[in-house]
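Peer 1: Before I ask anything, here is the structure I am working with.
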Amino acid sequence: MKSYYPLMIDLSHKSCVVIGGGKVAQRKISSLLESQANVTVISPKVTPNIEELSRKEAITWINRGYYQGDLKGFFLVIIATDNSELNLSIYRAVDHSTQFVNIVDHPELCTFVVPSTFKRGHLQIAITTGGASPGLSKKIRQDLEKRYGVEYDDYTAFLARMRKWILSQNIDQERRRHYFSKLLDDKWIQEVSKYKKTQVEEKFKQMFKKENF
């Protein structure tokens, strides 16, 4: 098995192509769109969901099979047809010096894998077994989704605001670290779930002022 380097990559406005139009391709397309990529799909047949995305102009759908030269100019390539031999043929056209490639039925040939992920506000968690067991990645993701519930949407937004506020205060690095640590107390998760954000922020600021003035 390959040893992958974990990496979060900015795909906003990057040109990405998905060859294939089935359910696997649909899942790949959805994750690319969430990352604000510019997505082109090449396939003579697509799922109703992919066709709807095309109608809404969320993607570019080229309604035909793959032609030699179709991969030129794309930053990221996902090969997801239901024909393994065709997938390998397309793979051989990839420019490995400039393009990332994922070929769905040949994980050993991929230069990147797509982990099982979920988001809670600013928190994004990704799990992968490097292709050894996607089922295990999914199981662990589902376990973590229960542990880190929707309350983390508001909590991570609160953390971001308070971090910015602490950084604006005239205190030394050690004191900053002290207050960053205090924000990780579970009580703040409960606070932001129960009260308005302005109330919780004011409570933290009052605590800060008591300790510093």
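Peer 1: Mind listing whichever residues of region 98-130 are at pLDDT 95 or above and more than 30 Å from residue 147 (Cβ to Cβ)?
Peer 2: 98, 99, 100, 101, 103, listed by residue number.
Peer 1: Kindly provide the set of residues from region 69-93 that are more than 22 Å from the chain's Cα centre (by Cα) and either within 16 Å of residue 28 (Cβ to Cβ) or of a type in the set (D, E, K, R) (or both), ordered by number.
Peer 2: 70, 71, 72, 81, 82, 85, 87, 90, 91, 92
Peer 1: Can you go through 135, 121 and tell me which one is surrounded by 14 or more Cβ atoms within 10 Å (Cβ to Cβ) and among the small types (Gly, Ala, Ser)?
Peer 2: Residue meeting the stated conditions: 121.
Peer 1: Return the residues of region 66-82 that are of a type outside the set (Ser, Thr, Tyr) and either closer than 21 Å to residue 13 by Cα or surrounded by 14 or more Cβ atoms within 10 Å (Cβ to Cβ) (or both); say none if nothing qualifies. Reasoning before the result, please.
Peer 2: Let us first name the residues in region 66-82 that are of a type outside the set (Ser, Thr, Tyr), namely 68-80, 82.
Of everything in region 66-82, those that are of a type outside the set (Ser, Thr, Tyr) and either closer than 21 Å to residue 13 by Cα or surrounded by 14 or more Cβ atoms within 10 Å (Cβ to Cβ) (or both) turn out to be 70, 71, 72, 73, 74, 75, 76, 77, 78, 79, 80, 82.
Peer 1: Looking only at region 36-47, which residues are closer than 17 Å to residue 124 by Cβ and surrounded by 15 or more Cβ atoms within 10 Å (Cβ to Cβ)? It would help to see each step written out before you state the result.
Peer 2: First, the residues of region 36-47 that are closer than 17 Å to residue 124 by Cβ: 36-37.
Scanning region 36-47 gives a single hit, 37.
Peer 1: Going residue by residue through region 160-180, is there one that turns out to be surrounded by 13 or more Cβ atoms within 10 Å (Cβ to Cβ), in contact with a Lys or Arg (Cβ under 6 Å, 6 or more places away or on another chain) and under 30 Å from residue 2 (Cβ atoms)?
Peer 2: No, there is no match, as no residue in region 160-180 is surrounded by 13 or more Cβ atoms within 10 Å (Cβ to Cβ), in contact with a Lys or Arg (Cβ under 6 Å, 6 or more places away or on another chain) and under 30 Å from residue 2 (Cβ atoms).
Peer 1: Filter region 108-134 down to residues that are closer than 26 Å to residue 36 by Cβ and either acidic (Asp, Glu) or in a helix (DSSP H, G or I) (or both), then give me how many there are.
Peer 2: 1
Peer 1: Would you tally the residues in region 1-54 being modelled with pLDDT under 95, under 21 Å from residue 95 (Cα atoms) and either in a helix (DSSP H, G or I) or touching a Ser or Thr at 6+ places or on another chain (Cβ under 6 Å) (or both)?
Peer 2: Qualifying residue count for the region: 0.
Peer 1: Follow-up question, since we're still on this one. How many residues, within region 160-181, are touching a residue at least 12 places away in the same chain (Cβ under 8 Å) and either part of a helix (DSSP H, G or I) or not hydrophobic (A, V, I, L, M, F, W, C) (or both)?
Peer 2: Step one: filter region 160-181 for residues touching a residue at least 12 places away in the same chain (Cβ under 8 Å), giving 160-163, 165-166, 169, 171, 175, 179-180.
Those left that are additionally either part of a helix (DSSP H, G or I) or not hydrophobic (A, V, I, L, M, F, W, C) (or both): 160-163, 165-166, 169, 175, 179-180.
Qualifying residue count, region 160-181: 10.
The values are calculated or read from the model by the stated rules, or taken from the named source; none is laboratory data. Since this is a predicted model, take the numbers as computed values, not measurements. For neighbour counting, all protein chains shown are included, and Cβ atoms are generated from backbone atoms with ideal geometry for every residue, glycine included.
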